[in-house]
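Novice: One structure, pasted below without further comment.
The values are calculated or read from the model by the stated rules, or taken from the named source; none is laboratory data. None of the values given here were measured: they were computed from a predicted structure. Counting neighbours? That spans all protein chains shown, and the Cβs are built from the backbone with ideal geometry, glycine included. For the accessible areas, the whole protein counts, side chains as well, though only heavy atoms, and no ligand, DNA or RNA atoms are used. Shrake-Rupley method; radii C 1.70, N 1.55, O 1.52, S 1.80 Å.
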Amino acid sequence: MRNMEAWRALRTPFLTGLALGMALLLLPLAALGDAPAGARPQPTPDLLTLPAVPTPAPQPIPSPGEWDAAQTLDVLGRDGQVVQMTMADYLWGVVAAEMPASFEPEALRSQAVCARTYSLWKLRAKSHEADGADICADSSCCQAYLSQQDAAQRWGEGTAPAYTAKIAAAVADTDGQVLTYGGAPIQAVFFSSAAGATEDASAVWGKSLPYLVSVDSPEGEEVPNYRSTVTLTADQVKKTVVEAGLDCDLSGGPSGWFQDLTRTASGRVAAVKLGGVELSGGACRSLFALRSACFDVTEQDGTFTFTVTGYGHGVGMSQYGANAMAKAGAGWREILAHYYTGAQLQTGL
């Protein structure tokens, strides 16, 4: 493993021109209180073509690898139709949807392995058997998916040819590579960006998984919208609580509504009491539409301000962390070994 000091050095602002132009889209992600069996990857919306980014030179599109080309999947689309496609084609669409194509090649390769592994994990779960499908294209259930046509429209004519080839290379270069633990595909969840460290699965979903434990993550201020705020009036907080059916006592002054905030070792909120009702950090994040459970909350003159760092549930591979590691010289195998403790790579299963 390369020196983590090199990765931490990437916390300082870089690619400022890129960061100033980026606009992250909010995705319909899974609720964070789910049990591990229902946990899903946390996709990051791809970045649109930006003036500060040089147009990449078109590259030949590599042929799919033998293993991925030989596997077929029945994919349930968002339109309710089931389409059969090769694993190679499916993975291309997942990587295009889940990670910015502007990311480093080694980060994209890491994402391809995560997508392949998670697909096989879902196949074994048979969660879409009743639909006549193996997996779906809904990010709130399985993994996001983009057709090449939709991806090209998102990227624009100038970058689409190069990005198409870049993602195809990431899939082909990792052909058949699967992360396993005990000989079975792992639950290779991922998310956008961490606040210095990933989270232990037990802290988010209440069940420990040996390969999903907290590790350092090197991204920082270079991440678009790394720090965000949500401001709510006391009336908005009350309305949200009532609509959620929570039995919180908000009869007193707003300054006393949030109490006893505790944190996990990674810095995320473990629990906080709202009107005497204890909520997990993930539940509070979902309730108030926060980008992550790494937040502080303050009150002044009846207005609450949530100050949030990072984006996503925090478990598994941080996508921006993977990109930071790749920029520091780490290969995709090193990136995956870092974020999925004790997992092994196997060719096909």
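Novice: Please count how many residues of the stretch 230-272 are under 30 Å from VAL215 (Cβ atoms) and either among the β-branched types (Val, Ile, Thr) or in a loop (DSSP other than H, G, I, E, B) (or both).
Specialist: 9
Novice: Name the residues in the stretch 273-296 that are in a strand (DSSP E or B) and over 24 Å from the mean Cα position of the chain (by Cα), would you?
Specialist: LYS273, LEU274, VAL277, GLU278
Novice: If you don't mind, there's one more thing I want to ask. Evaluate the following for VAL269: is it under 19 Å from the mean Cα position of the chain (by Cα) and closer than 28 Å to ALA337 by Cβ?
Specialist: When the stated conditions are applied, VAL269 does not pass them.
Novice: When the residues of the stretch 105-127 are narrowed to those that are under 17 Å from GLN71 (Cα atoms) and basic (Lys, Arg), which ends up nearest to the chain's Cα centre (by Cα)?
Specialist: Here the residue is ARG116.
Novice: Continuing with this model, one more query. Please work out which residue is surrounded by the fewest Cβ atoms within 10 Å (Cβ to Cβ), limiting yourself to the stretch 198-243 and to residues that are of a type in the set (S, T, N, Q) and over 19 Å from ALA270 (Cβ atoms).
Specialist: By that ranking, first place goes to THR231.
Novice: Free of Cβ contacts under 8 Å to residues at least 40 places away in the same chain, of a type in the set (Gly, Ala, Ser), under 18 Å from TYR90 (Cβ atoms) and surrounded by fewer than 24 Cβ atoms within 10 Å (Cβ to Cβ): is that true of ALA130 in this structure?
Specialist: no
To keep it simple, each residue is scored yes or no on (1) under 20 Å from ALA283 (Cβ atoms); (2) free of Cβ contacts under 8 Å to residues at least 24 places away in the same chain; (3) part of a strand (DSSP E or B).
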| residue | (1), (2), (3) |
| --- | --- |
| GLN153 | no, yes, no |
| THR164 | no, no, no |
| ASP175 | no, no, no |
| PRO210 | no, no, no |
| GLU219 | no, no, no |
| VAL223 | no, no, no |
| SER228 | yes, no, yes |
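Novice: What number of residues within the stretch 177-208 are farther than 24 Å from SER140 by Cα and in a loop (DSSP other than H, G, I, E, B)?
Specialist: Residues flagged as farther than 24 Å from SER140 by Cα and in a loop (DSSP other than H, G, I, E, B) within the stretch 177-208 amount to 3.
Novice: Another one. Can you find a residue that is crowded, with 24+ Cβ neighbours inside 10 Å, more than 13 Å from the chain's Cα centre (by Cα) and aromatic (Phe, Trp, Tyr) anywhere in the stretch 328-346?
Specialist: Taking every residue of the stretch 328-346 in turn, at least one turns out to be crowded, with 24+ Cβ neighbours inside 10 Å, more than 13 Å from the chain's Cα centre (by Cα) and aromatic (Phe, Trp, Tyr).
Novice: When you check ALA265 against the structure, is it of a type outside the set (Val, Ile, Thr), modelled with pLDDT under 95, loosely packed, with under 15 Cβ neighbours inside 10 Å and touching a helix residue (DSSP H, G or I) at 6+ places or on another chain (Cβ under 9 Å), yes or no?
Specialist: yes
Novice: Any chance you could count how many residues in the stretch 126-139 are basic (Lys, Arg) and not in a loop (DSSP other than H, G, I, E, B)?
Specialist: So the count comes out to 0.
Novice: If the requirement is being touching a strand residue (DSSP E or B) at 6+ places or on another chain (Cβ under 7 Å) and surrounded by fewer than 19 Cβ atoms within 10 Å (Cβ to Cβ), which of these qualifies: GLY156, GLY77, GLY183?
Specialist: Unique residue meeting the criteria: GLY77.
Novice: Moving on to the next point. Which of the residues that make up the stretch 133-153 are surrounded by fewer than 22 Cβ atoms within 10 Å (Cβ to Cβ) and of a type in the set (A, V, I, L, M)?
Specialist: Result: ALA133, LEU146, ALA151, ALA152.
Novice: Return the residues of the stretch 294-326 that are open to solvent by 10 Å² or more (accessible area, probe 1.4 Å), within 22 Å of THR341 (Cα to Cα) and among the aliphatic types (A, V, I, L, M); say none if nothing qualifies.
Specialist: ALA326
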